[in-house]
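The values are calculated or read from the model by the stated rules, or taken from the named source; none is laboratory data. Quantities reported herein were computed from a predicted structural model and do not represent experimental measurements. No Cβ is skipped: glycine too gets one built from the backbone with ideal geometry, and neighbour counts run over all protein chains shown. Surface areas here come from the heavy atoms of the whole protein model, side chains and all, with no ligands, DNA or RNA. Shrake-Rupley method; radii C 1.70, N 1.55, O 1.52, S 1.80 Å.
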Amino acid sequence: MTTDASTIDAVQLEESEHPDTVANHAFGFWIYLMTDLVLFASIFATFSVLSRSYAGGPTGKELFDLPYTFVETMFLLFSSATYGMAVLAIYRGKKYGVLTWLGVTFLLGLGFISMEANEFYHMILGGNGPQRSGFLSAFFTLVGTHGAHVTFGLIWMATMVGQVAIKGLSVPVQSRLMRLSMFWHFLDIVWIGVFTIVYLMGST
C-alpha cells in the first residue's frame, strides 16, 4: 500500500470513528462562509456608493435586460432546489439519485454562468466594460466575484460527482457534499441580493 493510500485510509477511518470530526469540518466551513459574507458585504457597500457614478456613460436602466436576467436567476434558484433533492438522496443512501441530481444541478449552474458570461461579453463589446465608469467598475466586480464563486462551485461539484461515482456515499464524501450544499445555497442567497439591488433597483 502506498503512503498516499495509507493517508487516505487513515483520514476516512478517523472520520468514521470520530463523528465530531465531521461537525468540526462543518463548523470550520461556516467560519469560511462568514468571511465570504464580509467580502460580499464590502463589495455591496462599494457598489451602493458608486451605483450613480455613470461618468456620462450608460445607466443600469439602459444596459440591463430584466427578462434575460430573470431567466438567469431561475437557473440558479432551480439549481438550489435540485441540490436539495441530491441531499435527500444522500439521506436515503441512493448513490445514483445523488449522481443524477448533482448532474442536473451542474447543468443549471453551467447555464447560469454561461448567460452571465454572455452578458459580460456583449457589454464589453459595446464599449461598456469596467473601465467605462465607477458604476460599471463596481458592477463587474460584484457580479464577477459572484460568478467566480459559482465557477469554483461547479468545479467542486464535478469533483464530487467523481468521488461519489468511485467511492460511493462514504462518511467523508457525504461530509464534503454537505459543505458544498452550504456553499451553493449561500451563493443563491447572495444572488438574490445582487438581482434585487443591482438589477431591479438599477432598472428603475
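Miscellaneous remarks
- Checked against the criteria, G93 does not count as closer than 23 Å to A138 by Cα, in contact (Cβ under 8 Å) with a residue 24 or more places away in the chain and out of contact with any Asp or Glu (no Cβ under 7 Å at 6 or more places or on another chain).
Every residue, every condition in (1) modelled with pLDDT of 95 or more; (2) of a type outside the set (G, A, S); (3) closer than 30 Å to T204 by Cα, yes or no:
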| residue | (1), (2), (3) |
| --- | --- |
| V71 | yes, yes, yes |
| F78 | yes, yes, yes |
| G97 | yes, no, no |
| L108 | yes, yes, yes |
| N118 | yes, yes, yes |
| M123 | yes, yes, yes |
| F139 | yes, yes, yes |
| T151 | yes, yes, yes |
| V164 | yes, yes, no |
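- Condition met for I31 (touching a helix residue (DSSP H, G or I) at 6+ places or on another chain (Cβ under 6 Å), in a helix (DSSP H, G or I) and at pLDDT 80 or above): no
- Put simply, of F40, F70 the only residue that is on the phi < 0 side of the Ramachandran plot and either touching a His at 6+ places or on another chain (Cβ under 7 Å) or surrounded by 15 or more Cβ atoms within 10 Å (Cβ to Cβ) (or both) is F40.
Conditions (1) open to solvent by 50 Å² or more (accessible area, probe 1.4 Å); (2) in contact with a Gly (Cβ under 9 Å, 6 or more places away or on another chain); (3) part of a helix (DSSP H, G or I); (4) closer than 30 Å to A45 by Cβ, marked per residue:
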{"position": "G162", "(1), (2), (3), (4)": "no, no, yes, no"}
{"position": "I166", "(1), (2), (3), (4)": "yes, no, yes, no"}
{"position": "L169", "(1), (2), (3), (4)": "no, yes, no, no"}
{"position": "P172", "(1), (2), (3), (4)": "no, no, yes, no"}
{"position": "S175", "(1), (2), (3), (4)": "no, no, yes, no"}
{"position": "M178", "(1), (2), (3), (4)": "yes, no, yes, no"}
{"position": "V190", "(1), (2), (3), (4)": "no, no, yes, yes"}
{"position": "G193", "(1), (2), (3), (4)": "no, no, yes, yes"}
{"position": "V198", "(1), (2), (3), (4)": "no, yes, yes, yes"}
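- Members of the range 66-94 found to be under 28 Å from N118 (Cα atoms), aromatic (F, W, Y) and out of contact with any Ser or Thr (no Cβ under 7 Å at 6 or more places or on another chain), listed by number: Y68, F70, F75, F78
- Contacts under 7 angstrom Cβ, first residue in the range 54-74 being without any contact (Cβ under 8 Å) to a residue 24 or more places away in the chain, partner open to solvent by 60 Å² or more (accessible area, probe 1.4 Å), 6 or more apart: none
- Selection over the range 49-69 of residues that are part of a helix (DSSP H, G or I) and more than 17 Å from the chain's Cα centre (by Cα) gives a count of 9.
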